[in-house]
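Everything below concerns the one structure shown next.
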Amino acid sequence: MSTRRWSRYVRGRKRRAKLCLPNNAVKVKPSLKKRLRELQGAVPGSEGMDMQTFFQNIQQYILQLEAKVTVLRCLSNLYGV
């Protein structure tokens, strides 16, 4: 019978995702950095990207979500739910 140390399986404190801002950018306010970090946490696979790629991913993610909503609405209307 194996003994496991469950303490190492317990999730630790979530690390903040690193936000990649361009070096020559105008100074970004801390409140904007916080909002961008929150947005980065909401979009899957966006950690460690430069800002241009990040915003392109956000655009694609929004389009995917809109398509999913459209499909779910059509299915809901079809099955009368």
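Filter the stretch 24-50 down to the residues that are surrounded by 14 or more Cβ atoms within 10 Å (Cβ to Cβ) and of a type in the set (A, V, I, L, M, F, W, C), then identify the one that is farthest from the chain's Cα centre (by Cα). Across the stretch 24-50, the extreme among qualifying residues is M49. Of all the criteria given as (1) more than 13 Å from the chain's Cα centre (by Cα); (2) modelled with pLDDT under 90; (3) part of a helix (DSSP H, G or I), the one not satisfied by K14 is (3).
Tally up the residues in the stretch 30-51 that are of a type outside the set (S, T, Y) and either modelled with pLDDT under 75 or part of a helix (DSSP H, G or I) (or both), please. Let's see the steps before the verdict.
So the first thing to find is which residues in the stretch 30-51 are of a type outside the set (S, T, Y), and the list is 30, 32-45, 47-51.
Among the residues that remain, those that are also either modelled with pLDDT under 75 or part of a helix (DSSP H, G or I) (or both) are: 30, 32-42, 51.
The qualifying residues number 13.
Would the stretch 17-29 turn up any residue that is in contact with a Phe, Trp or Tyr (Cβ under 9 Å, 6 or more places away or on another chain), assigned to a loop (DSSP other than H, G, I, E, B) and either hydrophobic (A, V, I, L, M, F, W, C) or modelled with pLDDT of 80 or more (or both)? Yes - at least one qualifying residue is present in the stretch 17-29.
The values are calculated or read from the model by the stated rules, or taken from the named source; none is laboratory data. The model shown is predicted, which means the values in this text are computed figures rather than measured ones. As a convention, Cβ positions derive from the backbone with ideal geometry for all residues, glycine included, and neighbour counts pool all protein chains shown.
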